[in-house]
Structure formats: C-alpha cells, structure tokens
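As structure tokens, the structure follows; a few thoughts come after it.
The values are calculated or read from the model by the stated rules, or taken from the named source; none is laboratory data. Predicted model, so just to flag it, every value in this text is computed and none were measured. When we count neighbours, we look across all protein chains shown, and the Cβ atoms used for this are built from the backbone with ideal geometry, even at glycine.
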Amino acid sequence: MMRAFVALLMALLALPAFAQDTMPPAPYAYNQLADPRMEAEASALMHTLRCLKCQSQSIADSDAPMAGDMRHQVRSRILAGENPAEIRGWLIARYGDYVSYEPEVSATTWPLFAVPVLVILVVAGVLLRRLGKRRNDAGDAA
Amino acid sequence: MRSRLYLWVPLALFAFFAGVAGYMLTQEKDQFVESAMIGQPLPDFTLEPAYPGLPGASKADFAGGKPRLLNIWASWCLPCIAEAPQLEALKAQGVEIVGIAIRDRPEDVANFLGRYGNPYTRIGGDPISEVQLAVGSSGVPETFVIDSKGVIRYQHIGDIREGDVSTLLAELEKAQ
C-alpha cells in the first residue's frame, strides 16, 4: 500500500516532464480575424499547412503551441495584406515543400503530375487500337 | 510461352511494391524537419531580453568579426538541460553563443540559468516563436552556425551531445 502511494506520488512529481510552456497563446492562435473574408482565406490556408510538431495534422487541426504560433503568423500576415500564396511561399522557403499539403510541381514532384497523364495516354492508345481493330474486324465480316 | 510469362508481370509488380512498403515499415521515421535557410542570411529580427540579466538579441548582433552560434532553447525543454554542459564546453573554447528563449518567462529563464549554467552572451525572448519560424527551426533545442557575415551555415537539430561539440567547432571554423 505504502509502496503504491509512493509510486503514485513520484508519478505526480514527474508530471513536469511532460510540461510544455505555460505561456499564453499568441494573439491570433485561437482568435479569428474580424473580417470574415480574410478569416476564410486564412482558414483555407491553415488547413493546407503542416504542423511541424505533430506531422500528420494541419496547423488548423493541432493544439500544439507551435501550431498556434504558426496560425498567428498566417492570420497576422493576411491582416497585413499578404496573399495566401506569399505566406505559403514564405513557409516553404523555411521548411521546404514538406510544410505544405498542397503539392507543387518541382524537380522532385513532377512525376506525380506526369505519370497520370502518361497512363491516360497509354490507356487511350490501347483503347483506340482495340476499338479500331474491332471495327475493322466487323468491316471484314460484313 | 512468351504470353504466359507476360501474365506474371502484374504479380511481380505487386510483390515489388509490397516489398518496398514492408521494407519502409522497418525503417525508422526521420522526425527532423531541416531548415531550408542554410546558406541564406539571417532574417531581420529584434527580440527583447528574455530576462533582465542579459541583453536581448537582434540580427545586428551577428554582424562582423567571427562566426557565432544561435541556440534556440527554452527553460521548459528537457533536452536543453542535457545539452547545457556541451554549451559550456563550447563557451570555454571561446565560442560566442546567442540564445533565443522560446515561449518563456523571465523568472523561468533565470531559474534555468541559475541551475544549469549560463553559456550565453545574449538571450532574446521569443514569446510567439516568431524568430524560430523565421529561421526554419521546428523545435527546441536547435543550434545554428552563423558566419561572420550573418549567413546561416549549419543547423544542428536536437540536443548537442558530447560528440557533436567537435562537429560544431569544425563548422564554426569553416564559417570563418
């Protein structure tokens, strides 16, 4: 019993090990912009930016303090008149394509865009040949 | 016979992709997001002192003379305790270390430095991770080598272990 109590006490004492900062969130981390059009723009952008601390979430979905600080950057930059593409560019210049959930054509990503087009062309080619052949066969039979 | 072999192609392709996927599952995931700012000049910034004991930090503090370290840390960050002796060792080698304390309070900063030592010449307080984002850092601690012209030359992600001290010294040498 005593042992269990001591263990519990020590577990409680160890809680600060999981502590993050105790600072209040940045002004625009959880506060929306007053202008609904600007907020919509910011929100759309935040849903396509990756949270760096919690790598499978967007910054709009994450409660990590750093995601809050990133939302603050997005909102205050939108408020200052920057457009979403500029803000995305600013982040990509710092963290690479990784930070964006919206793939752009680049030296490493072009196959993503080229392969589907290629596949469609091949399929179209095969289909045309087959259909053309069948028509010829039908023509021969007639 | 030739057409028969042809039938195996889809299965072979499937086996290949399954193999690749299986192999990737056994590989450790790289959690580090490297800064794309290496080779770029430090962005403009000015930060208030993180606590009353030392001046704050700005881009101007990196201009001229010699390469310096920019250490991004926080008093609430446990690995930052682990790297404290290594920062002391670097300081003992004559390295100037400018700190940026992320989302920190003056009393916590003072307390941390009192306990684990103070290797810094300046510490700027960054309560909304503004400068951290501007240099492309994605966590604490991270350490950047800034050359004498204020250009970011090298990034060390995570706490500085004993073996990393010589690497950082070499990078500082390279950044002369």
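What the table below lists for this structure:
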read-out: Residue satisfying all of: in segment A:97-121; in a helix (DSSP H, G or I) and loosely packed, with under 10 Cβ neighbours inside 10 Å; nearest to the other protein chains (Cβ to nearest Cβ) among these; value: A:111
read-out: Some residue of segment A:81-96 being aromatic (Phe, Trp, Tyr) and within 14 Å of chain B (Cβ to nearest Cβ); value: yes
read-out: The lone exception for residue B:140 - which of (1) part of a loop (DSSP other than H, G, I, E, B); (2) surrounded by fewer than 22 Cβ atoms within 10 Å (Cβ to Cβ); (3) within 14 Å of another protein chain (Cβ to nearest Cβ) it fails; value: (2)
read-out: Filtered residue count, segment B:78-93, keeping only those that are under 13 Å from residue B:140 (Cα atoms) and either modelled with pLDDT under 95 or surrounded by fewer than 17 Cβ atoms within 10 Å (Cβ to Cβ) (or both); value: 4
read-out: Tally, over segment A:41-72, of residues that are in contact with a Phe, Trp or Tyr (Cβ under 9 Å, 6 or more places away or on another chain), touching a residue at least 40 places away in the same chain (Cβ under 8 Å) and within 11 Å of another protein chain (Cβ to nearest Cβ); value: 5
read-out: Residues located in segment B:149-174, provided they are hydrophobic (A, V, I, L, M, F, W, C) and outside any helix (DSSP H, G or I); value: B:151, B:152, B:157, B:160
read-out: Scan of segment A:22-40 for residues that are of a type in the set (A, V, I, L, M) and within 14 Å of chain B (Cβ to nearest Cβ), ordered by number; value: A:23, A:26, A:29
read-out: Residues of segment B:8-40 satisfying the condition of being within 12 Å of chain A (Cβ to nearest Cβ) and either of a type in the set (S, T, N, Q) or not in a loop (DSSP other than H, G, I, E, B) (or both); value: B:31, B:35, B:40
